[in-house]
Amino acid sequence: MKSRFFLAIDIGTSGCKVALVNSEGKIVRKIKETYEVFINGHKVEQSPEDWWLSTVKAIRKVMTGHDKKSVEAVCVAGQSPVVLPIGRDGKPLSRAILWMDRRAIKQADLISEVSGWKADPSEVIPKILWLRDNKPELYRRTAAFLQASDYINYRLTGRIVTDHYTALTSNYDIDRGEWPHYITELEINDLLPRVCKPGEIIGQISEEASKNLGLERDVKVVVGSIDAFTATLGSGLLSPRDACDITGTSTCLFVVTKRRVLDSKARILTVPHFIEGLNLSFGMISTSGALVDWLVKLMYHREKEPYKVLTEEAENSPPGSNGLVVIPHFAGSRTPSWDPDMRGLMAGLTLSHKRGDIARGIFEGCAFALKHVVNHLEKGGVLVGDIRAGGQGSTNTFWCKLKASITGRTYLILNEPDVTLLGCGILAMYATGYYKSLEEAMKSVVRVAGVVKPDKKLMKMYGEVYRTYLATYNWLVGRNRSSG
């Protein structure tokens with residue numbers, strides 16, 4: 001029997017990744033195509049055509065020299081929350097509004113009032129209302145609002161669907177399988193896609209997509225999900241207390257729990273797990289890897305290997321970054337404070353600080369923000385065990401060591417860092433019958449390749465620095481509230 005393969009696609013913030021996954025769940029080849037992010041104050045956008053062209057280019061590259069008849073299915077994950085209005089002809093009416101975009105503050109306040117839950121400007125419904133209020137002609141012409149993975153699935157099949165986790169960012173009620181009353185009252189529900197479960201097969205690729213991608217027409221399209229959620233599959237989160245830190249542009253920390261934790265202020269977020277009977281509690285940091293990229297562009301762009309040099313210089317800076325404290329919320333804060341006006345801060349800068357101190361300060365600041373999330377989860381009754389490391393950040397051993405010592409948790413380094421792509425592969429293999437259950441697929445595919453334990457001396461020292469970090473963070477929160 002010929003070996004079968006699956007295409008995994010991740011429409012991320014910095015670029016599109018495509019991987020070829022074999023039927024044993026191993027990524028045998030992967031390609032990344034980057035695209036531009038357009039930032040103007042609170043507004044953060046991307047071109048949906050860039051998403052599609054990058055997907056086409058990456059698939060063609062990853063398939064070079066490979067038998068196209070061996071590809072059985074494709075599964076797409078994507079960044080979220082995203083708002084992309086398309087017209088009745090299926091063409092985008094504007095750039096996509098990304099999850100980092102914070103323009104819809106007024107509209108988020110309205111949703112908080114009508115829903116009774118803390119809404120954030122990053123979410124879908126506030127952004128849709130912003131378009132309604134500020135671009136009424138565009139809103140009138142809109143036939144549907146899609147997210148990143150929805151749009152790629154549409155280009156693949158011509159069908160407008162989403163998955164129930166992506167729909168959550170539009171306030172979808174997974175338990176009841178319906179949109180809440182206020183979405184209907186606002187007359188938005190008819191502009192949102194049909195909701196499917198991740199792992200459903202929505203059809204085969206269209207003739208046009210087949211020609212563009214160089215694939216056979218019988219390739220099945222499997223519904224994926226939000227990139228970070230899909231990454232929990234690729235991280236092998238199966239049992240209560242299992243946790244994973246997914247660090248790319250941003251950071252998400254997920255923990256498996258049996259109990260559904262409800263928090264109207266959204267300091268802790270909880271959703272049903274892919275596996276029935278379990279839940280995923282989580283917290284998010286808007287900018288982590290994005291800060292490393294920012295510093296590279298600012299101070300390391302002339303180096304031949306900028307990320308390597310940055311990490312080496314950070315490692316040579318002493319713990320505590322020579323008194324520098326970095327609050328890493330450069331694009332607003334998410335959990336636990338949900339403040340779109342929060343800004344980053346470097347406190348304690350002197351003329352003696354070097355760029356390596358700033359680099360270490362960023363690594364430490366992101367780790368302190370992660371500890372802040374861990375502490376809030378545990379205060380809410382969510383026990384956090386060993387943390388599995390995924391995403392591009394997991395390839396930085398120094399950063400993983402810092403996180404282990406600052407959070408006081410053992411970090412488990414996985415055999416495949418691209419856990420979102422692996423999660424897409426798992427969904428595709430499950431959907432096409434290669435595994436009877438997601439649990440079976442995860443147990444078979446995901447492996448721990450290394451262990452990073454906390455350094456006890458650093459834990460004690462960083463406990464003191466964390467108190468300074470927290471005092472600085474609380475001062476910044478108070479300053480924002482008093483000025484607002």
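The values are calculated or read from the model by the stated rules, or taken from the named source; none is laboratory data. This is a predicted model, so every value here is computed, not measured. In this analysis, Cβ positions are derived from the backbone assuming ideal geometry, glycine residues included, and neighbour counts consider all displayed protein chains.
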Conditions first: (1) surrounded by 24 or more Cβ atoms within 10 Å (Cβ to Cβ); (2) on the phi > 0 side of the Ramachandran plot. Leu233 passes all but one, so which condition is the exception?
(2)
Hey, Arg102 part of a loop (DSSP other than H, G, I, E, B), at pLDDT below 95 and surrounded by fewer than 24 Cβ atoms within 10 Å (Cβ to Cβ) or not:
yes
Is it the case that segment 400-418 has a residue that's basic (Lys, Arg) and part of a loop (DSSP other than H, G, I, E, B)?
yes
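Name the residue that is surrounded by the most Cβ atoms within 10 Å (Cβ to Cβ), counting only residues in segment 14-29 that are of a type in the set (Lys, Arg) and in a strand (DSSP E or B). So that I can check it myself, show each step before the final result.
Going through segment 14-29, the residues of a type in the set (Lys, Arg) turn out to be 17, 26, 29.
If we keep only those that are in a strand (DSSP E or B) as well, we get 17, 29.
Numbers: Lys17: 26, Arg29: 16.
Out of the qualifying residues, it is Lys17.
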Can you go through Glu364, Glu313, Glu378 and tell me which one is under 29 Å from Val419 (Cα atoms), surrounded by fewer than 18 Cβ atoms within 10 Å (Cβ to Cβ) and of a type outside the set (Phe, Trp, Tyr)?
Glu378
Condition (residue is in contact with an Asp or Glu (Cβ under 6 Å, 6 or more places away or on another chain) and either within 26 Å of Leu280 (Cα to Cα) or not in a strand (DSSP E or B) (or both)) applied to segment 348-369: is it met by at least one residue?
yes
Those residues that are surrounded by fewer than 23 Cβ atoms within 10 Å (Cβ to Cβ), out of contact with any strand residue (DSSP E or B) (no Cβ under 8 Å at 6 or more places or on another chain) and β-branched (Val, Ile, Thr), I need them from segment 381-422; list them, please.
Thr395
With the condition kept exactly as written, say whether any residue in segment 204-220 is modelled with pLDDT of 95 or more, of a type in the set (Ser, Thr, Tyr) and under 18 Å from Asp10 (Cβ atoms).
no
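Taking the criterion of being more than 21 Å from Met429 (Cα to Cα) and surrounded by fewer than 24 Cβ atoms within 10 Å (Cβ to Cβ), would at least one residue in segment 215-225 satisfy it?
no
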Answer yes or no as to whether Leu345 is within 20 Å of Gln392 (Cα to Cα), of a type outside the set (Gly, Ala, Ser) and touching a helix residue (DSSP H, G or I) at 6+ places or on another chain (Cβ under 8 Å).
no
Being in a helix (DSSP H, G or I), buried (at least 20 other Cβ atoms within 10 Å of the Cβ) and more than 23 Å from the chain's Cα centre (by Cα) narrows Tyr462, Tyr430 down to just Tyr462
May I ask you to say which residue of Phe229, Phe274, Phe254 is free of Cβ contacts under 8 Å to residues at least 60 places away in the same chain and among the aromatic types (Phe, Trp, Tyr)?
Phe254
Starting from segment 30-59, keep only residues that are surrounded by 17 or more Cβ atoms within 10 Å (Cβ to Cβ), then list their pairs with residues that are among the hydroxyl-bearing types (Ser, Thr, Tyr) and part of a helix (DSSP H, G or I) whose Cβ atoms are within a distance under 8 Å, requiring at least 6 positions of separation or different chains.
Glu33/Ser54; Glu33/Thr55; Tyr35/Ser54; Pro48/Tyr151; Trp51/Tyr151; Trp52/Tyr151
What's the total number of residues in segment 296-313 that are touching a residue at least 24 places away in the same chain (Cβ under 8 Å) and touching a Phe, Trp or Tyr at 6+ places or on another chain (Cβ under 6 Å)?
2
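Quick grid of which residues meet (1) under 18 Å from Leu458 (Cα atoms); (2) not polar (S, T, N, Q):
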{"site": "Ala314", "(1), (2)": "yes, yes"}
{"site": "Pro328", "(1), (2)": "no, yes"}
{"site": "Gly332", "(1), (2)": "no, yes"}
{"site": "Thr350", "(1), (2)": "no, no"}
{"site": "Gly356", "(1), (2)": "no, yes"}
{"site": "Glu364", "(1), (2)": "yes, yes"}
{"site": "Gly408", "(1), (2)": "yes, yes"}
{"site": "Leu414", "(1), (2)": "no, yes"}
Starting from residues that are out of contact with any Ser or Thr (no Cβ under 9 Å at 6 or more places or on another chain) and of a type in the set (Val, Ile, Thr), keep the ones in segment 59-82 and report whichever is farthest from Ile426 (Cα to Cα).
Thr64
Would you be able to tell me the number of residues in segment 217-263 that are within 18 Å of Val448 (Cβ to Cβ), among the β-branched types (Val, Ile, Thr) and over 12 Å from the mean Cα position of the chain (by Cα)?
2
Give the residue that is farthest from Asp10 (Cα to Cα), with candidates limited to residues of segment 384-399 that are of a type in the set (A, V, I, L, M, F, W, C) and in a helix (DSSP H, G or I).
Phe398
Can you tell which of Ala441, Ala471 is over 21 Å from the mean Cα position of the chain (by Cα), more than 22 Å from Arg360 (Cβ to Cβ) and either of a type outside the set (D, E, K, R) or loosely packed, with under 15 Cβ neighbours inside 10 Å (or both)?
Ala441
In segment 63-85, anything more than 23 Å from the chain's Cα centre (by Cα) and either under 21 Å from Glu49 (Cβ atoms) or outside any strand (DSSP E or B) (or both) is listed as Met63, Thr64, Gly65, His66, Asp67, Lys68, Lys69, Ser70
Within segment 169-192, considering residues that are part of a loop (DSSP other than H, G, I, E, B) and hydroxyl-bearing (Ser, Thr, Tyr), the one nearest to Ala228 (Cα to Cα):
Thr169
Tally the residues that are more than 19 Å from the chain's Cα centre (by Cα) and under 17 Å from Thr420 (Cα atoms), restricting the search to segment 31-60.
2
Filtering segment 163-182 down to residues that are under 19 Å from Lys118 (Cα atoms) and either surrounded by 24 or more Cβ atoms within 10 Å (Cβ to Cβ) or within 22 Å of the chain's Cα centre (by Cα) (or both) yields Tyr165, Thr166, Ala167, Leu168, Thr169, Ser170, Asn171, Tyr172, Asp173, Ile174
